[in-house]
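Structure, as structure tokens:
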Amino acid sequence: MTDQELYEKARLYGKNALLWRQKFIGLLPEIQRRRLYEKKGFGSVFEFAFKFAGLSEQQVRTALNLDRRFSDKPALKALLENGEVSVHKLVRIQSIATPQNEAELAQAVQLLPQKALETFVRDERSELVQNESGFGEPLFEAKSLRAQTQSLNLSLEITEKLLELQEKRIDLNELLLEFLKKREEEILQEKEEVSSDLEPAKSRYIPIRIKKIVEREYGTKCSIQTCKHSAEQLHHTQTFALSRRHDPHYLAPLCKEHHVIAHVINLKVQGKRRVL
């Protein structure tokens, strides 16, 4: 047996061992309900699980707790009982699971890798908090302008100019809104000009000019509002295979995990990203 053959055999056995372990864990809630462990001479379901699968007490408690949490969520309960996904993934989504969103979560937990699932859950939790607390505060409130600009990481020169304008009683909100509106109009006009001249693309390579427009609009961060990571890829919110266009109206810079989410579960990026 070569090293490669030995490695492949170990990998196969290990993968199968994890799958059967998941399926065994899925049986534990029903074993507990029927007290099957007592009928077979075991002192507890913990002893039963350790004897047959080497599970710790905490692992068993986690499975039983998930069963209780999913009692009114049949789609998620079925995933636990059938051992279709790991308990580790189910634990990630239990805190945000409701009867209303369980179908979406069941899909996400099956399709997304662990890190992308964690990002997905963070987004959902953030959205729940925002819906409960509301949005937005004025840019300049009763705090001093200097305190405000420090949090915006402005240069000393810009800070001093803003302070000077404020001392002249110039409305900084109006001034900045005018600047931002002009910037938005310039970006929109540039996007329209590029879009009107687009021809069907021969490859997925996005021209530098279009990349620069998108970067000017979104900066260098992931365009999902709650994400703090840097953008790594440009995502076509209109399926490229169908449109064959690199239209800047339908490009969104995403981090690695949000790009996975966008492709795997068809995340509606258009609704979650920052837009002009």
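Just so you know, all these numbers are worked out from the coordinates, no wet-lab data involved. Computed from a prediction, not measured in an experiment: that's the story for all the values here. Cβ sites come from the backbone with ideal geometry, for glycine too, and all protein chains shown count toward neighbours.
Evaluating 6.51 cos²θ - 1.76 cosθ + 1.60 at θ = phi - 60° for every residue in the stretch 103-120, the Karplus couplings come out as 5, 5, 5, 4, 5, 5, 5, 7, 9, 8, x, 3, 5, 5, 5, 4, 5, 4 Hz, glycine and proline recorded as x.
Axis of helix 156-167 versus longest Cα principal axis of the chain: the two differ by about 60°, to the nearest ten degrees. All other residues whose Cβ lies under 9 angstrom from that of Ala201 are scored, Lys and Arg at +1 and Asp and Glu at -1, for a net of +3.
Legend: calculated FRET efficiency, Arg68 to Lys39, from the Cβ-Cβ distance at R0 = 25 Å, rounded to 0.05, equals 0.65. Phi angles of the stretch 89-100 translate, via the Karplus equation with coefficients 6.51, -1.76, 1.60 and θ = phi - 60°, into HN-Hα couplings of 5, 5, 4, 4, 9, 4, 6, 10, 6, 9, x, 7 Hz per residue; Gly and Pro are given as x. Ordering Ile224, Gln189, Leu128 by the projection of their Cα atoms onto the charge dipole of the chain, which places +1 on the Cβ of Lys and Arg and -1 on the Cβ of Asp and Glu, puts Leu128 at the extreme positive end. Overall, the anisotropy analysis places the stretch 1-126 in the oblate class: the square-rooted eigenvalues a ≥ b ≥ c of its C-alpha gyration tensor yield a/c not less than 1.5, with a/b not exceeding b/c. Treating r as the C-beta distance of Ser56 and Met1 and R0 as 35 Å, the FRET efficiency rounds to 0.55.
What is the set of long-range amide H partners of Leu154 at a cut-off below 5 Å, with H atoms built 1.01 Å from backbone N? The list, which skips near neighbours in sequence, is empty: none. With each label modelled as a point 7 angstrom along the Cα→C-beta vector, the Ala78-Phe179 pair spans 5.6 nm. Panel note: the C-alpha atoms of the chain, placed on their principal axes, show extents of 86, 53, 38 Å (largest first).
With a simple spin-label model that places each label point 7 Å from the Cα along the Cα-to-Cβ direction, the separation between Ser195 and His249 comes to 0.3 nm.
Sequence neighbours fewer than 8 away in the same chain don't count; with that in mind, list the aspartates and glutamates whose C-alpha is under 15 Å from Lys15. By straight Cα distance, Lys15 reaches Glu84.
Calculate, for Leu188 and Glu232, the FRET efficiency according to 1/(1 + (r/R0)^6) with r their C-beta to C-beta distance and R0 41 Å; round to the nearest 0.05. Present the calculation step by step, with values, prior to reporting the outcome.
On the way: r = 25 Å, r/R0 = 0.62.
With R0 = 41 Å, the Cβ-Cβ based efficiency is 0.95.
Ranking Phe240, Ala108, Leu152 by how far each Cα lies toward the positive end of the dipole of the chain (charges on Cβ) leaves Ala108 at the top.
Report, to the nearest 10°, how far helix 208-218 tilts away from the longest principal axis of the Cα atoms in the chain, using its own Cα long axis and a range of 0 to 90°. The answer is roughly 80 degrees. Quick one: Kirkwood hydrodynamic radius for the stretch 145-272, alpha-carbon pairs, angstrom, one decimal? Averaging 1/r across every pair of different Cα atoms and inverting gives 17.0 Å. Scalar couplings 3J(HN,Hα) for the stretch 61-66, obtained by applying the Karplus form with A = 6.51, B = -1.76, C = 1.60 to θ = phi - 60°, are 4, 4, 5, 5, 5, 4 Hz; x denotes Gly and Pro.
Electrostatic bookkeeping for Pro113 treats Lys and Arg as +1 and Asp and Glu as -1; over the other residues with beta carbon under 12 Å from its beta carbon, the sum is +2. Pairs with C-alpha atoms separated by more than 23 Å, drawn from the list Lys181/Lys212; Lys39/Lys73; Lys182/Lys211; Lys9/Lys77; Lys181/Lys211; Lys23/Lys256, are Lys39/Lys73; Lys9/Lys77; Lys23/Lys256. For the stretch 145-272, a simple Cβ point-charge model (Lys and Arg +1, Asp and Glu -1, everything else neutral) yields a dipole of about 600 debye relative to the Cα centre. Extending 7 Å from the Cα toward the beta-carbon at both Ile96 and Leu152 defines two label points whose distance is 3.1 nm. Hey, what angle do you get for helix 3-34 against the long axis of the chain, alpha-carbon based, 0 to 90 degrees rounded to 10? Once rounded, the angle reads 80 degrees. Among Phe46, Phe179, a tally of other beta-carbon atoms within 10 Å of each Cβ gives an order, fewest to most, of Phe179, Phe46.
Within the shell defined by Cβ-Cβ distances under 15 Å, the residues around Glu57 carry a net charge of +1, with Lys and Arg each +1 and Asp and Glu each -1. Once backbone amide H atoms are built at 1.01 Å from N, Gln233 has Leu254 as its partners under 5 Å, excluding neighbours fewer than 5 places away on the same chain.
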